[in-house]
1. Condition (residue is under 16 Å from residue B:326 (Cβ atoms) and either assigned to a helix (DSSP H, G or I) or at the interface with chain A (Cβ under 10 Å from one of its Cβ atoms) (or both)) applied to segment B:24-41: is it met by at least one residue?
2. Among the residues of segment B:344-358, write down those that are in contact with a strand residue (DSSP E or B) (Cβ under 7 Å, 6 or more places away or on another chain), at the interface with another protein chain (Cβ under 8 Å from one of its Cβ atoms) and in contact (Cβ under 8 Å) with a residue 24 or more places away in the chain.
3. Just one of A:220, A:177 is farther than 12 Å from residue A:160 by Cα and either assigned by the TED database to the domain that holds residue A:889 or outside any loop (DSSP other than H, G, I, E, B) (or both); which is it?
4. Residues that are assigned to a helix (DSSP H, G or I) and facing chain A (nearest Cβ under 7 Å): does segment B:258-268 have at least one?
5. Among the numbered criteria (1) more than 22 Å from the chain's Cα centre (by Cα); (2) exposed (fewer than 14 other Cβ atoms within 10 Å of the Cβ); (3) at pLDDT 75 or above, which one does residue A:797 miss?
6. Of the residues in segment A:117-140, how many are touching a strand residue (DSSP E or B) at 6+ places or on another chain (Cβ under 9 Å) and assigned to a loop (DSSP other than H, G, I, E, B)?
7. Looking at A:222, A:195 in this structure, which one is over 25 Å from residue A:136 (Cα atoms) and in contact with a helix residue (DSSP H, G or I) (Cβ under 6 Å, 6 or more places away or on another chain)?
8. Please specify each residue of segment A:879-915 satisfying the condition of being on the phi > 0 side of the Ramachandran plot and either crowded, with 20+ Cβ neighbours inside 10 Å or part of a strand (DSSP E or B) (or both).
């Protein structure tokens, strides 16, 4: 028993109830095909999805939201930074005074260039790496400079004194930056070594970091600097900062994306010296230098220099980059450059004292015994410097020259003025896109009459009756034609665009056939051409079809011609092109090539091509075709490449279609033997494809032919062949595409090597597939947002690609690119501005940042700008309407007088005297047009260093207009002069008849609420009007009209001119003026409040008391009914009865009554006295009892205390005793 | 202050002046003609501009041959405008189409006048083709023909509606493709209904030679309540659509005096074939419109393939440069590999980024 018997375990009992069991059951049922929820389809409500409030769905929503919040509308970088080297990264160092800004810049400059810069004045540009240049700019401590810096900087190093903590300047700057696009901001904390303890240091660091994160962004970079050595920050810290700088990506900002700007790092007064000597105060002409940033800059653009004003650019030119980073020439040894050598570590700081060179507003000073090595070693730089000194502004001739050299100029008149009349534009050649500007050639007879007169057309250059030789030698003929056809419209042309004259002779069937072949889609093969047409389909197969259906061609000659069987005609055409109009009778392509095949090629190697074309045209079936193809291929391998001759794309024999507009597949003409004149007709001027392409073409033709013949197999032999090619081919509208696809498929199946074209096609296909996948398959095709997002992204990419393509056409030449798009970012330019006030030169301070922002069209137009504004929550006051306010908007800093308004629920904008405390309100001010959604910030005007916060208000524009919709309430009051029934004559409402006449029909209201209307004016009575009311008004009523008066802001706007006068104040507020001149507040005595003296009025309450009968009261509507209406006779009647029955008191009774009253009074007085004494005695007793009680309490307390003390004492003693 | 000469581009100079916000002086307006000076229809156009804008000022001098124009803000809105019968209403509509997208309000303007004339495009062309181009630039617009009218009485009416946009879109119209279908409208006013029928048949007769998908509808305005008005006329419009999704080529003819309707139809068909042969994606009539819209497009690259540039196309290039500072790269390309064909012109430019500053942000 022990050995054999196996251990018997308990058998497994599968569950019959519970989750597991039911799940298993479900599975079983599912496998068996039983519907688990049989009613699902019929009752959708019962089987609705999970509720929206369930935890799971909430989680889902949250996760979606998280995903979505990451997405942003893809923004396109319009700065073209990928075209040229980027402009130097503009790093602005901002902070309150004494925080170590200069020291930081000096340390950085020392780190990069190894040079000590004693004083930092103006921007310093250095080469920081192989592809990175950095411009350091120190922001002076004033609000206007902060504004300018915030508008241009790519990166801001916000310095904070760690020991002191944040200062107002920091927050002011942050607010300004937020308004102007919020560039990247790094926090830098200095002076931390002055903290006493490590704990305090840690705490301070934490505080600073968190506050900084709160203001900028969570996790924003913040760097704490170690103590200085030798008056510089430690190399370690600088290196850290460098690593951050190197990899920083600039933000794409909306304003910067749509506007160009230049940070001016150098300027030169180029006013002719005779002018300055004669009139020292004359306006100056100044040349500015700097890197273009943002959108490309156009030559005829307006620029705004904040602090100076708007100026048109007189002249702009590209200059050599003082800090170029293209080091390819330097390291030609072949190995990759690892680091910059000393020579490449350039520094460019014209206003600072770098390398013994100081640029002043008057001259450049070279210090001979300065940093000697720098000058001598960098001989190139020295030369450049010398060159720069000699540069003068271009005069007109030079400018003209520069323009002539350009690749496409639609030039203004020779005298420089912009005139539009009579300047023909000619193309020099196709490759360079160059236009050749010649003297105008004016067509003689250009009449209004647009008849189909040939001369007329010739005058336009549109008719080409004389261009017959064009085909023959295009190189010569083309310019002529172009010159004529491109003549611009004359000033006295008829102003119409209709083309009314036929250019070609369309009665010629061959021309028509050609159009059909070249321009008409070939997808109509199987369709039934209308009986009206003379021409029929070209294709053989289609033709067969037609014949089967009974649509035999009735124009056999034409058809034969199309098929290329009429050879003589084409020969004719080819040979006598000179007399014939080449364009009027372009030959049929098929016949042409056939012609070639027979005529021209036969002389060289007649057989292969002939065989090929024969196959193609006759449409043999598969086997033969294959053989022939093989033969051709072999032959092709044998024949030398150079001897190859043109054959038109053979594919068209098969398909009847011609290559579409795809430029890659353009042209298949090939010619080697130049001696053969006839070939010139076919040879296009520019495209000379190589022999390989030609081979591909033949191959392509063959492949497509194969497909055709396989199709035919079915017809002839009755074998069911699944025609894959044709089935899929239906997808393709374009015949050529279809053909290519077929051919590609064949190539892939065949496993052979793909040709270039096929590979391209394959790639195209893959790209298409990818695009499709992206469109439909992202997240299982469910997430629509993502696909939309991808769609947006692709759009941006496509636009970028378009630009790149356009730029590729321009090639390497910067000048051409500049012509097309303007001076794009990264170029170092010099631009000249005229009429700059001389004070600019005199007051020039290099440490004030100087920028020039480009203005788009119309942004110099003065209009009323509508905006939303909110008082800054930290500014202690509210703003008053019409007070002058300095606003930093766009590039500008302007002073203007805004008015404020609030939108009522009915859409009316009501004038506000002051801004609301904590709300946005509408505001309108007179200013240059700003695009909508441009942010602005209001600043105090005389910029004093106060302890308070200095940003007054922030806002954004919502539109521009020539007027405003802001209104304020105006109440006109009048009094009745004479009241008739419902008509009254109202006086003192208006002062004159004319004024009153404007108000006819206006609505009136009296104080008592009676409404009325002005009916007419009583003439000659100084504005008395006749009005009607809904009820009779009282003569004492006041009548008023409620009206709204539109308010426009004052048309006052000036640019802040702090570059001309550093202490510029502009317009002052009334308050300031009153303070300065010690004037009291002006008061209008009429507006003073006085005691209101009312006339004695009739008591309306009394007078208006109405008696209503009980029955009426009962019949009143419910809400007017009294709560209780007594059953009895009404009080009124009772009162009347009482009144009617009251007896007059007699004197005797009166005396008696008086006596009784006296006694009663005495009795009352005695009663009172008795009461008082009783009260007193009662109080006495009560007080005594209280005292006794108190005494008792006291004693009780004392006794308790005593007992407690004793007990304590006893217990202590007890414990001592026990011890 | 820009200075231009001559009256031939009168409308476009004014319109571009408004769009670029640059004042302009036009001199020598029809100076050598008799009578010299601004034509009545031009004055009427100025009237329209006055209506359509706010704050524009005109100053005419030198015996009506010189005009100083100061542009104002573009207002748009709803109103009706009557155009003299010497020109078709499209004379104004064409120019107005450039302004409407940049107006403060959406526009709905009723134009009263001739709906077809020898010089200008007919309203059908504007409706089917011009607005299609405008649509490609991201502007939705529509034209509704209320009634037709021809000189001398005119009295046709069309409604043009157009939304105001913040900015246009850039375009890329390169693929010409092949003509896949031709559609047409043979319209007539107060003539025997067989005339447009015959015109359409004739046009079809020519075009069916090259493709079968030709369809021409006839639209006859009987002018029932206008017995006494002399406003009869007829014409035909043909529009060729190609496999390139964007390319549209149109041509129209209006019947001249004592011309057989068959001739009118055939003439139109032949002209259309001319246009097709030219090879651009844009027909000769719309070169100016498309080029100017390209100049107004945002600062992205716009590319369009034209046939041969017409004088008005060249003028558009000049205007683009003068008013908007937009320089075009113009490249001639062979359109197919077929020799002897006119070469198409590829025009590439970067738009001036015209932004509608008047439209309020919502």
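The values are calculated or read from the model by the stated rules, or taken from the named source; none is laboratory data. All values derive from a computational prediction rather than experimental measurement. All Cβ positions, even for glycine, are placed from backbone atoms using ideal geometry, and neighbour counts span all protein chains on display.
1. Quick first cut of segment B:24-41, residues under 16 Å from residue B:326 (Cβ atoms) only: none.
There is no residue in segment B:24-41 that is under 16 Å from residue B:326 (Cβ atoms) and either assigned to a helix (DSSP H, G or I) or at the interface with chain A (Cβ under 10 Å from one of its Cβ atoms) (or both).
2. Residues satisfying the conditions are B:348, B:349, B:350, B:358.
3. Of A:220, A:177, the one residue that is farther than 12 Å from residue A:160 by Cα and either assigned by the TED database to the domain that holds residue A:889 or outside any loop (DSSP other than H, G, I, E, B) (or both) is A:177.
4. Checked against the condition, which is being assigned to a helix (DSSP H, G or I) and facing chain A (nearest Cβ under 7 Å), segment B:258-268 yields at least one hit.
5. Residue A:797 satisfies all of (1) more than 22 Å from the chain's Cα centre (by Cα); (2) exposed (fewer than 14 other Cβ atoms within 10 Å of the Cβ); (3) at pLDDT 75 or above except (1).
6. In the first step, residues of segment A:117-140 are kept if they are touching a strand residue (DSSP E or B) at 6+ places or on another chain (Cβ under 9 Å); the result is A:117, A:120-128, A:132-139.
Those still in the list that are assigned to a loop (DSSP other than H, G, I, E, B) too: A:117, A:120-123, A:128, A:132, A:139.
Within segment A:117-140, residues that are touching a strand residue (DSSP E or B) at 6+ places or on another chain (Cβ under 9 Å) and assigned to a loop (DSSP other than H, G, I, E, B) number 8.
7. It is A:195.
8. Passing the criteria: only A:890.
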